[in-house]
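Worksheet for the structure shown next.
The values are calculated or read from the model by the stated rules, or taken from the named source; none is laboratory data. As the structure is a prediction and not an experimental result, all values here were calculated from the model. All Cβ positions, glycine included, derive from the backbone under ideal geometry; neighbour counts span all protein chains shown. Each accessible area value is taken on the protein alone, full model and side chains, heavy atoms only, with ligands, DNA and RNA left out. Shrake-Rupley method; radii C 1.70, N 1.55, O 1.52, S 1.80 Å.
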Amino acid sequence: MDWNIIYYSEALQEEIVNLPAGIQARYIHLTKRMRVHGANLVMPHTKPMKDGLFELRMKSKEGIGRVFYCTLVNKQIAMLHCFIKKTQKTPPSDLKLAISRMKEVKANADT
């Protein structure tokens, strides 16, 4: 059984669709691999952050993009938040938002 990718919201799906073309192409390529091989594609493609949160790492000539995600039961990958990286470190506000969404998604998956 392949993995299923779900999105936190339609707004997030739209943000991902509106990523710069090279970053979006990389996202499509990596998520196709995730559907077959699972959520952990290892560095440099994916990186565990903390407490079950991971980041999908995309790089192209337009810049660096990140999508935070987590895994759920029944082979589901929940995309939580995306952003274009402008500094070396992940902005704390983006990380905090992703953690908050992960907690919400996991709580709703248990009910």
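Points to keep in mind about this one:
- Tally of residues being under 15 Å from residue 30 (Cα atoms) and open to solvent by 40 Å² or more (accessible area, probe 1.4 Å) across the range 77-111: 0
Conditions tested, residue by residue: (1) open to solvent by less than 80 Å² (accessible area, probe 1.4 Å); (2) among the hydrophobic types (A, V, I, L, M, F, W, C).
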| residue | (1), (2) |
| --- | --- |
| 8 | yes, no |
| 17 | no, yes |
| 28 | yes, yes |
| 34 | yes, yes |
| 43 | no, yes |
| 54 | yes, yes |
| 71 | yes, no |
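- Residue 11 vs. criteria aliphatic (A, V, I, L, M), without any contact (Cβ under 8 Å) to a residue 40 or more places away in the chain and more than 19 Å from residue 102 (Cβ to Cβ): no
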